[in-house]
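Quick one: the structure is below, and I'll ask about it shortly.
Each reported figure results from applying straightforward, stated rules to the coordinates on display, with no laboratory input. Treat the numbers as computed from the prediction; the structure is a model and nothing was measured. A quick note on method: Cβ atoms are made from the backbone with ideal geometry, for glycine too, and the neighbour counts reach across all protein chains shown.
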Amino acid sequence: MKDILLLLRNGKRDIWDILATFDVNRQALFPQIRMMEEWNLISVSEGSCQLTVMGRMISEKMIPLINTLELLSAMGKYNMDFIPSHLLTKMSDIGPCTVFNPSPLEICEANKEFQTSSVESKSVMGMTTFLFPNFRDIFSEYMERDISVSVIITGELFNKLKKERSGDLKWLLGYSNMEMYRYDNNIDLISFTLNDYGIMLRLLSNSDQIKYDYKHILLQSPGALSWGRELFDYYRNKSVLITDI
């Protein structure tokens with residue numbers, strides 16, 4: 001029934017087209033058609049079906065729920081304790097997601113598709129517990145393109161950078177379009193990055209055996225962008241601006 005309502009959102013369809021679309025027989029489809037007609041969800045005329053006003057209202061309400069279920073199906077095995085309660089209630093606004101499973105050769109590299117969209121953005125922001133070995137090259141491109149960059153790093157990462165990459169850290173802090181913050185509390189994720197086109201999440205698993213599976217989750221709806229900005233602001237307000245090392 002759900003699939004039929006969603007199909008009819010695009011307009012009137014012939015019953016035989018519906019049969020072919022879902023690859024079902026008449027005995028399976030017709031009882032559902034009659035039930036939806038009795039419930040005033042669809043109207044049937046001359047062998048074609050279309051949504052009623054009530055059916056259209058219900059089908060529109062189904063989309064956020066389906067998107068949320070698909071998102072939770074993808075994210076359900078991950079630790080989501082990093083999401084504040086007021087943003088958990090807004091996850092229905094995020095929309096569908098795409099899951100990337102990098103090859104072993106790509107594990108230590110930034111996601112190429114997301115990196116391409118980042119260098120075409122006006123701003124990039126995020127929070128991370130790590131930096132790629134070539135992070136200077138990545139940030140150099142942002143700086144050269146005058147992209148506004150705001151990054152929250154953990155206290156542990158800040159100390160590591162001070163010890164091992166202090167020159168690169170000073171170089172970054174010298175740019176006017178670069179803001180870096182230090183978050184001193186525990187955070188239950190690997191990283192999230194937000195650009196003008198989407199959010200890339202690297203999450204920790206709920207499993208005690210495998211804490212990180214290297215997969216990336218990409219969210220790209222307008223609702224996801226708004227949600228991502230709120231998530232970043234939440235942690236930025238709990239962080240300290242780094243002005244010197």
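How much length would be gained if the chain were fully extended between residue 60 and residue 134, taking 0.36 nm per residue of separation minus their Cα-Cα distance, in nm to one decimal?
On the way: separation 74, 0.36 × 74 = 26.64 nm, distance 4.50 nm.
Roughly 22.1 nm would be gained on extension.
Put a dot 7 Å past each Cα toward the Cβ at residue 212 and residue 86; how far apart are the dots in nm?
So the label points at residue 86 and residue 212 sit 3.0 nm apart.
Read phi for every residue in segment 51-64 and hand back ³J(HN,Hα) as whole Hz from Karplus 6.51 cos²θ - 1.76 cosθ + 1.60, θ = phi - 60°, with x for Gly and Pro.
Working through the residues one at a time gives 6, 7, 4, 5, x, 5, 4, 5, 5, 5, 6, 6, 4, x Hz.
Hey, in the GNM for the chain with a 10 angstrom Cα cutoff, which one of 92, 148, 207 fluctuates hardest?
207
To continue, here is another question. Got a sec? Charge dipole of the chain, +1 on Cβ for Lys and Arg, -1 for Asp and Glu; which of 30, 124, 227 is way out at the positive end?
The one lying farthest along the dipole's positive direction is 227.
Now a separate question. What list of ³J(HN,Hα) couplings, whole Hz, do you get for segment 25-42 from phi and the Karplus terms 6.51, -1.76, 1.60, once you set θ to phi - 60° and write x for glycine and proline?
Rounded to whole hertz, the list is 8, 4, 4, 7, 7, 4, x, 5, 4, 5, 5, 5, 5, 5, 7, 6, 8, 9.
Also, quick follow-up: If you restrict to DSSP beta bridges whose two residues both lie in the chain, what percentage is antiparallel, to the nearest 5?
Of all bridge pairs located within the chain, approximately 65 percent are antiparallel.
Calculate the spin-label point distance for residue 105 paired with residue 205, positioning each point 7 Å from the Cα along the beta-carbon direction, and give it in nanometres.
That separation, rounded to one decimal, is 2.4 nm.
List the residues, sorted by chain then number, that are 5 or more residues from residue 154 or on another chain and whose placed amide H is less than 5 Å from its amide H.
Amide H neighbours of residue 154: 128, 183.
Next question. Lys pairs in segment 16-173, Cα-Cα under 28 Å, at least 8 apart or on separate chains: how many?
12
I need the shape label for segment 74-241. Rule: rounded when a/c is under 1.5, else prolate if a/b > b/c, else oblate, with a, b, c from the alpha carbon gyration tensor.
rounded
Also: What is the helix-to-structure angle for 222-236, meaning the angle in degrees between its Cα long axis and the longest Cα principal axis of the chain, kept from 0 to 90 and rounded to the nearest 10?
So the helix axis and the longest Cα principal axis differ by about 30 degrees.
Can I ask one more? Residue 34 to residue 120: extension gain in nm, 0.36 nm per residue of separation minus the Cα-Cα distance?
Values: separation 86, 0.36 × 86 = 30.96 nm, distance 5.11 nm.
Extending this stretch completely gives an extra 25.9 nm.
Calculate for the chain the 222 nm mean residue ellipticity that helices alone would give, adding -39,500 (n - 2.57) per DSSP H run of length 4 or more and normalising by residue count, nearest 500 deg cm²/dmol.
Value at 222 nm, helices only, nearest 500: -13000 deg cm²/dmol.
Checking the a/c ratio against 1.5 first, then a/b against b/c, what shape does the Cα gyration tensor give for segment 153-235?
Oblate is the answer for segment 153-235, as a/c is 1.5 or above yet b/c matches or exceeds a/b.
Just to confirm a number: summing +1 for Lys and Arg and -1 for Asp and Glu over residues other than residue 154 whose beta-carbon lies under 11 angstrom from that of residue 154, what do you get?
Values: positive: 160, 182; negative: 156, 184.
Residues close to residue 154 contribute a combined charge of 0.
Another one. GNM, the chain, Cα, under 10 Å: largest mean-square fluctuation among 21, 89, 68?
21
Roughly how tilted is helix 155-164, in degrees to the nearest 10 and between 0 and 90, from the longest Cα axis of the chain?
50 degrees
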